[in-house]
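A.B. asks: Handing you this structure, nothing more for now.
The values are calculated or read from the model by the stated rules, or taken from the named source; none is laboratory data. This one's a predicted model, so the numbers in the text were calculated from it and none came from an experiment.
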Amino acid sequence: QHVLDNPDLSKWKYVMTVEDDNLLPPDAQVRLLEAIEHGNYDAVSGIYFTKGDLNMPMAYGDPMKFRQTGVLDFQPLDIRAALAKGNLVEVNGIAMGCSLYRMELFRQIPAPWFVTVADVIEGQGVRAFTQDLYFAERACRAGKRFAVDMRVRVGHLCVNTGIVY
C-alpha cells in the first residue's frame, strides 16, 4: 500500500518482487519486462522450484481449465517441454520470488493482497494458501492473467544447507 501512496513511486508502471533466497540471472528484469509486455499479462515470474525432496515447479494451475469449467486450481504444472524450449507459460498462479507485476493490478485488486491462509472451512476441509497464491486466486477471479517465463531460471537457495534448487 505504501508504494501506491507514495507520490513518486506510485507513478511507476511496474513493481518487481525478489525474495532473499532466490538467485536471479543478470537479465531477469529485462526478460520479465519483455514477457509481460509481449503477452499482455498482469504479472510474470521466472521459473524456480520448491526446496526439498519434492522439488515442484512454481508454476501453478491451468487457466484454460479455469475458463472452461470455472474451477480454479493451483496444482504445479508439468513444465518440462516449455522449460526445454524457453517458452512463456500462462498459469493461474506465480510465486513472488522473482516476479514483475503491473502497478495497475494493485489498484484494481483491493488490499490486502498477500495473506497466508491456513484455515478449516466448513464443508471444504483444510484450506491453505501461501501469500502469493492467495493474491493470484483473487486476481484470477477478477480476470487477471499470469505467466511464467521459462527463460528466467531462478535458483532457490536453502540457506541452511547451501543447496540451490
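A.B. asks: When you look at ASP21, is it more than 14 Å from the chain's Cα centre (by Cα) and closer than 16 Å to MET96 by Cα, yes or no?
C.D. replies: yes
A.B. asks: Whether any residue in region 22-35 is at pLDDT below 95 and among the β-branched types (Val, Ile, Thr) is what I want to check.
C.D. replies: no
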